[in-house]
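What follows is one structure encoded as structure tokens, with my remarks underneath.
The values are calculated or read from the model by the stated rules, or taken from the named source; none is laboratory data. Bear in mind that the values here come from a model prediction, so they are computed numbers and not experimental data. In this analysis, Cβ positions are derived from the backbone assuming ideal geometry, glycine residues included, and neighbour counts consider all displayed protein chains. Side chains included, ligands, DNA and RNA excluded: accessible areas come from the protein's heavy atoms. Shrake-Rupley method; radii C 1.70, N 1.55, O 1.52, S 1.80 Å.
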Amino acid sequence: MSSLRCLFLSVLTAPVISQLGARTGDEFDAQSVTTAALTGTWDGCQGVVRSAFNTYWVSARRSAPSPSLQLIEFSEAGAYLSSVPLPAALSASATGLLDLAYDQLAGVIYGGCEHAVSGRQLWAFRLSTRAFDAALNITVPASVPGNAVRGLTFDRFGNNGLGSFYCVDGGSAVTEFDRAGTTLRTLTNPHPNATALALDSTDRRLWVFGPGGTTKAGEGVVGIAVDLFTGLATGQKMLGSPRYPGTPAGGDVTGAEFAVYAHDHTVFRLALLTNATSDWVYEVEGRFGFGSTCGGIIGFTGDAAYGGNSAWTVTLTQSTASSAFLLLAATQETTPIAGPLFATGCYVQLGLATPLLSLGGAAVAGGRAQLAVPIPNGIIGSIYLQWIEAPAAGVLRSSTGGGVFVRS
């Protein structure tokens, strides 16, 4: 058995701390909870946001005994709290509001649906009054392709700090537009069937979610990252959890929102809504990179991290070194390291109580390096990685750390 496979197997019992795609344990069956509270068949949950008050808001549709479209409020633990009917103007919608967006500073949730019903509007729900406010509605530009606002997210730093929206429908282009309904830019959609968007505003990363879009067959929750500085896909992908019964396993994603909030520390998470046999809301860790650096930035390409992915590759950018070698560990801790071997401000971001595995070295050219890390079949668990960077002469440097959950 290879040393890499041994290390991966040791990860199976490692604690889950900030790995991209790792389930946090925050989950609830939105469909079952709503059905129990309001009666009828609430089998059309679509969008989700986590508010600054640590409650979730979910857009939901009742199919029987008669159609009803609502925004449903849940506690942090997933208990039903309240519901608000959608405006009568949206009553003809087959779905109700789809993916939701959240302007936290304004305290407003936005949602759209079929253009023919919504009048190409994002409908605004003010949390302070717990009511829809048409005066805050946003016009979707006529140039936006598609038949509905299926994927939607808000960027508080967009449009030079004035705020902007991103929307998408299936395989059409991703469009950024301002509060006045003016198109700001159009991005190539990296996903073949986008149904939800989420935006990490401080990391400047847009996550485009939908079923498919990965080399792993039968996946209904697939996120593909876009760098908002360049407008291009980063090569990073993540898979949702298969634990929710349905076809495909884990269901199909319909809602996503990036949430930053205080736990025992500040956490960066993705709240996802999936339509499986029942409609579930759950959270996963939302970032790969973490920690400070005295060197370059770690990343990855080659699709999502899953067992059997022979194309998975770890990358290094913004490095001043001439070569670098990659370390992998089963746990994470931050340990300062100093001279004479290392530059000031360097840290080891990997747990030192467990064995470190050196995966090999790579030449750095133009500040960039990469190393293929084929993931063995039958593997599931969490790993941490970091580059140690060596100049042609002088002291060593360390990159940021990276953590990812390896899916089966």
Histogram of C-alpha separations across the stretch 140-252, 5 Å bin width, %: 2, 13, 23, 24, 17, 11, 6, 3, 0
10 Å Cβ shell holding at most 14 others, DSSP loop, chymotrypsin sites (Phe, Trp or Tyr not before Pro): longest site-free stretch of the chain: 230-408
Answer label for P(r) over Cα pairs in 10 Å bins from 0, in percent (calculated), chosen among [x] 5, 23, 30, 23, 13, 5, 1, 0; [y] 5, 19, 27, 24, 15, 7, 3, 1, 0, 0; [z] 4, 14, 15, 17, 15, 11, 7, 5, 4, 3, 2, 1, 0: [x]
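How high is the relative contact order of the stretch 50-157, in percent, counting Cα pairs under 8 Å that sit 6 or more residues apart?
Across the stretch 50-157, relative contact order equals 20 percent.
Which loop-located GluC sites (Glu not before Pro) does the stretch 24-117 contain, where loop means any DSSP state but H, G, I, E or B and the Cβ has at most 15 other Cβ atoms within 10 Å?
76
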Karplus 3J(HN,Hα) series, Hz, for the stretch 80-90 with 6.51 cos²θ - 1.76 cosθ + 1.60 (x for Gly, Pro): 5, 10, 6, 8, 10, x, 5, x, 4, 5, 9
For residue 203, solvent-accessible area (1.4 Å; no DNA, RNA or ligand), Å²: 70 Å²
Rg and Dmax [Cα atoms of the stretch 294-399; Å; Rg one decimal, Dmax integer]: 13.8, 42
Approximate shape of the stretch 333-387 as ellipsoid semi-axes (Cα gyration tensor, √5λ), whole Å, largest first: 24, 19, 9
Solvent exposure ordering (accessible area, 1.4 Å, most first) of 115, 265: 265, 115
Per-residue SASA entry for residue 356, accessible area with 1.4 Å probe, Å² rounded to 10: 80 Å²
Space enclosed by the convex hull of the alpha-carbon atoms of the stretch 37-165, per residue, Å³: 105 Å³
Accessible area (Å², per residue) of the stretch 249-408, counting only protein heavy atoms and a probe of 1.4 Å: 37 Å²
Mean ellipticity per residue at 222 nm, deg cm²/dmol - from DSSP H runs of n ≥ 4 across the chain, formula -39500 (n - 2.57): -1500 deg cm²/dmol
Rel. contact order, % - alpha carbon contacts under 8 angstrom, at least six apart, the chain: 15 percent
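Just need the relative contact order of the stretch 109-200 here, percent rounded to a whole number, with Cα pairs under 8 Å and 6+ apart.
Relative contact order of the stretch 109-200: 22 percent.
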Anisotropy class of the stretch 308-353 from Cα gyration tensor, a/c 1.5 cut: oblate
